[in-house]
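Chemist: My questions all concern the structure below.
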Amino acid sequence: GNSTFTPLFLDQGFMNRNVDLDLPAINLRVKFNETDIPAPGVLTIITQKIENQNDEEGYGSEIFLYWTTNSAQLPQRAETTIYNSICGQDPQKLCAIQESLNGEVTIHVPDESTTGQVTARVGLNSKLKLVLVATPEQIVEDLGYMQQGDASWYAYKNCDCAASPDFPKGSYVKVTCLNDETKSVTVRINDFGPERDIFPNRVIDLDKVAFAKLASPGAGIIQVKVEPVDTPQAQAIVIEPSPQVVVQTESPEPLWEF
């Protein structure tokens with residue numbers, strides 16, 4: 001059918017070692033570092049073929065990674081590779097892994113395209129699928145700026161401001177958190193950076209004050225979308241005219257001549 005069910009029993013012999021599970025039959029590879037698996041358990045992989053394939057719905061299969069164990073200790077993440085021949089075919093598209101975990105959606109975009117596959121370190125008990133995203137270079141070429149990507153923070157001016165490699169100083173940008181689109185902040189660009197050749201997926205660096213309106217600074221990096229906005233209109237200040245003070249002087253007494 002359209003689904004496969006693959007249970008993998010990882011006993012005590014898999015503890016404290018690098019584990020490489022290459023599963024070409026389901027176009028998947030899962031790797032654990034030596035410290036990733038704290039206790040024995042069962043990794044169950046369910047793949048379900050995606051029927052309507054396009055950039056938004058994904059390619060290949062939806063992949064579910066479940067871990068079950070009698071231990072209170074659970075592995076948290078694993079390096080996962082999805083094999084698909086579509087990866088690397090279009091120089092203007094990158095294969096990425098979309099991860100859905102605990103109600104949050106994260107798109108792991110690699111720094112560069114790899115032919116036939118895409119790899120990301122993802123959370124267990126998550127749902128994954130391969131998606132295509134435009135390369136940063138193509139987005140910048142089409143729009144003049146990156147639409148979405150990573151945002152970090154730095155302590156600079158303690159204001160709703162930011163550094164951008166795309167927007168000129170003095171312009172304003174609305175930044176929205178992709179994990180919670182009810183959270184957004186409008187910032188003024190007052191610095192340049194980060195360098196796109198060093199951080200190809202970094203779309204903006206927010207001042208710490210602005211970042212805190214989207215997420216806890218402890219998150220370090222979050223995924224956001226950006227869009228230019230008009231310069232906010234300054235609030236008009238209405239100056240009420242001062243009440244006119246009329247000073248009435250007494251008329252001098254008339255001088256009488258006889």
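Chemist: Just checking, does the stretch 15-22 include any residue being more than 17 Å from Leu128 (Cβ to Cβ) and crowded, with 17+ Cβ neighbours inside 10 Å?
Modeler: The answer is yes; a qualifying residue exists.
Chemist: Continuing with the same structure: Being part of a strand (DSSP E or B) and surrounded by 15 or more Cβ atoms within 10 Å (Cβ to Cβ) is the filter here; which residues of the stretch 46-55 pass it?
Modeler: Result: Ile46, Thr47, Gln48.
Chemist: Given the structure, is Thr80 over 23 Å from Val133 (Cα atoms) and in contact (Cβ under 8 Å) with a residue 12 or more places away in the chain?
Modeler: On the way: over 23 Å from Val133 (Cα atoms): no; in contact (Cβ under 8 Å) with a residue 12 or more places away in the chain: yes.
When the stated conditions are applied, Thr80 does not pass them.
Chemist: So, one more: Taking only the stretch 173-187 into account, find how many residues are surrounded by 14 or more Cβ atoms within 10 Å (Cβ to Cβ) and modelled with pLDDT under 90.
Modeler: So the count comes out to 2.
Chemist: OK, next. Considering only residues that are surrounded by 19 or more Cβ atoms within 10 Å (Cβ to Cβ), β-branched (Val, Ile, Thr) and more than 10 Å from Pro75 (Cβ to Cβ), look in the stretch 23-45 and name the one that is nearest to the chain's Cα centre (by Cα).
Modeler: Only one residue fits best here, namely Val30.
Chemist: Another question, if that's okay. So Gly218 clears everything in (1) at pLDDT below 90; (2) assigned to a loop (DSSP other than H, G, I, E, B) except one condition, right? Which one?
Modeler: Condition not satisfied by Gly218: (2).
Chemist: Within the stretch 188-211, can you find the residues that are open to solvent by less than 70 Å² (accessible area, probe 1.4 Å) and either at pLDDT below 85 or over 13 Å from Cys161 (Cβ atoms) (or both)? Write out each step before concluding.
Modeler: The first filter runs over the stretch 188-211 and keeps only residues open to solvent by less than 70 Å² (accessible area, probe 1.4 Å), leaving 189-191, 193-194, 196, 200-207, 209-211.
Those that are open to solvent by less than 70 Å² (accessible area, probe 1.4 Å) and either at pLDDT below 85 or over 13 Å from Cys161 (Cβ atoms) (or both): Pro194, Arg196, Pro200, Asn201, Arg202, Val203.
Chemist: Let me ask something additional. Out of the stretch 166-202, which residues are part of a strand (DSSP E or B) and within 11 Å of the chain's Cα centre (by Cα)?
Modeler: Val175, Thr176, Cys177, Arg202
Chemist: Enumerate the strands (runs of 3 or more DSSP E) found wholly within the stretch 82-165, keeping only those where 3 or more residues are surrounded by fewer than 21 Cβ atoms within 10 Å (Cβ to Cβ). Full working, then the answer.
Modeler: Details: elements: 93-101, 104-108, 117-123, 126-134, 148-154, 161-164.
Filter on the stretch 82-165 gives 93-101, 104-108, 117-123, 126-134, 148-154.
The values are calculated or read from the model by the stated rules, or taken from the named source; none is laboratory data. On a predicted model such as this, the values are computed, not experimentally measured, just so you know. Glycine gets a Cβ as well: all are built from the backbone with ideal geometry, and neighbour counts include every protein chain shown. Side chains are part of the model used for accessible areas, which takes the heavy atoms of the whole protein and leaves out ligands, DNA and RNA. Shrake-Rupley method; radii C 1.70, N 1.55, O 1.52, S 1.80 Å.
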